[in-house]
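Please read the structure below before turning to the comments.
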Amino acid sequence: MGLYHAYTMNLATIAYGTAALGFMALNVLLLIGRRADPFGYRLSLASALSALWATAAAIAAFTTFTSAAPIVDVLEVARDAGWLLVLTGVFARRVPRWLAILVPVGWVSLFVAQVLHWANPTVQMTHGGLALALLGLVLIEQVYRNSAVSERDWLKYLFFGVGGQFAYDLFLYAQSELLGAVGATAWSVRGAAVALTVPMIVLAVRKSVASSASIFISRHVIFYSSALAAVGIYLCTMAAGGYYVRFVGGTWGEALQLLFLLGAAAVLVSLLWSAMLSRRLRVFISKHFYRNKYDYRVEWLRFVHTLSSATPENVQLGALQALTQVFASPQALLFVADESGGQFRATASWSDSGKEIALPADVSVSADVVQFMQRRGWIIDLDEYRRAPATYDNIQLPAWLGGNSAMSIVAPITQGAALAGFVVLARPPPPFELTYEDRDLLMTMGRHVATHLAQQEANRKLAENRQFETYSRLTAFMMHDLKNSAAQLRLVVSNAVKFRHQPEFVDDAMATIDNAAQRMTRLLDQLRLGAAAAVRRPLKLHDLIEVALARCAANTPVPVMISQAPAVVVEADQEHLTSVIEHVVRNAQDATPSEGKVSVEVSQKGSVVTITVSDTGRGMAPDFLRDRLFRPFDTTKGAAGMGIGAHQAREYVRSLGGHVDVQSSPGQGTRFAITLPALMGQE
């Protein structure tokens, strides 16, 4: 029996100590909220008295001082009085007059009797506690019955919390009347029962109309407090189980108790490390303690921080991470409209595992999924689409998306009324259900991302314009050099009439001409694709290619035609289009070793003709091909190049109504295709 007594005392200490901490936390939250109404004042008083009573009971159980029992009894009456004051003071008009008078008479009489020791304190507390418990339950029933239906949504939580305490007291003292004494186990468990009522009271405060505006409890505080409380309850339960095992285990009791506690500790560690359990706890807290699913202040600050922390080179990846972190999505893809507006290109991917995700094919602006988002502006829940495609007008998904069951959400990124892109998110970890809050938050963040990307693109174009301005100033200096070279040549011509028969003049003239030729050659190489005025006229494409190949024949590897060019006529400026072809061929030669191969092929399909320049050179990386190849003033040739050749070539081809397509892989060579409209019926 000594072991059983120690077990009940330890259980009582832990249980009442937990209850004391719970009511202390409740009182701190009420003080932080600065409740300035009668309900708040009375609730603070009741929680403070409850914390004081539970603390005294825990100390009494821990020290086993029998002399502390009267003090605990007095504080218990004070605690009951505090909760009765909450019910009668705030809801006085909802109870019968006789009950409103009987309640204070009852608790005042019992309080005075306990202080003055009119009779046996234990017997007195048993009868008085039973009476106060009955009064409390009757009072709760009357208040709830006479309350408006709109108030019952939060009152039921308050009454569950306060009524739970009175109900357990009724059970405790009714049992003592039958048995002739208060049961030690029932009295010990009472602290745990009271502690379990604290969350109900907190929930009532959060849901009450009067308190919701003045009390804010951080989600993080609730999460960690709930987790700590759950751990405490778990430890209490395991401690009780351990004592029970030791009590019934006989000579093996201590070993079995140690083994039981070690197993319980292992289970606790596994639970604490469980990401699934953590997510479920957060969802439970959001559903039952808050009106909103998200703490929007925290989410928005984190979103803006992630978005603004991205470097200019990784702004799209940063935007993708800012979107995915809200939902903890394991994978995501970002599609952005290209410059022509005809395609949505996958520009960034993200995975929480760090593995690179292969970017899918471009999505045409005419695709069903794009047209649907432009028309409706909806977020597409792919799980819902698979269950009921009619909800989304039976649209046809791209093959790579429809066959990927891991992807769950397609969200538009809009700038104003225009679709600037869209993001594809993998299914977030369970438990997750796409609600209207998720949709609103994702749409709002998508608009912010669209603005951020547009600002970044505007900054890039502004930087390019400044570079073009610098290029124009450089051109002015070059024109100055050309003017000087021309002046030197005119001087040679004017002096030739008088001095042509003098050997010294001939030598000086040759040196001057050679110097001027070298200077102009260097300038022409840099300005060959400059913005000179171009005159369009029908030209035989075969003749242009022959001229371009002849100009490049001095370099290695020598370019070759692998098929006879068809008799196709195009409309263009002769020198400009020839320079474009020459530029592509020279780039292929520069990237290919002398023992390699550079070939040119011309093919016609209907009203378009394609000039394909292929090489077996070093090729280009996908990121360079996607982001840098056609960017002006971005060159890999150092001082030998200005980085505008590819850009100017593409822009001139576009001005003719054509387009450029480049395919390349590192170490596998490059295929550069120029497609132009052909003049039909002419040769």
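Every number here is computed from the coordinates shown, using simple stated rules; none is lab data. Keep in mind it's a predicted model, so treat the numbers as computed, not measured. Don't worry about glycine lacking a Cβ; one is built from the backbone with ideal geometry, like all the others, and counts go over all protein chains shown.
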How far apart, in nm, are two points set 7 Å out from the Cα along the Cα-to-Cβ line at ALA463 and at GLU504?
-> 5.7 nm
Selected from LEU320, ALA426, PRO389, residue furthest toward positive end of dipole (the range 309-454; charges at beta carbon) | PRO389
Cα-based shape type of the range 309-454, given that a ≥ b ≥ c are square roots of the gyration tensor eigenvalues and the cut on a/c is 1.5 = rounded
Can you sort TRP83, TRP378, TRP107, TRP154 so the residue with the fewest Cβ neighbours within 10 Å comes first?
-> TRP378, TRP154, TRP107, TRP83
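Using 0.36 nm per residue of separation minus the Cα-Cα distance, give me the extension gain between ASP383 and SER603 in nm, one decimal.
Details: separation 220, 0.36 × 220 = 79.20 nm, distance 4.57 nm.
That pair, ASP383 and SER603, stretches by 74.6 nm at full extension.
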Enumerate the aspartates and glutamates that LYS156 could reach by cross-link, defined here as Cα to Cα under 15 Å, with residues fewer than 8 away along the same chain left out.
-> GLU141
Eligible aspartates and glutamates near LYS355 by straight Cα distance, threshold 19 Å, same-chain separation 8 or greater = ASP623
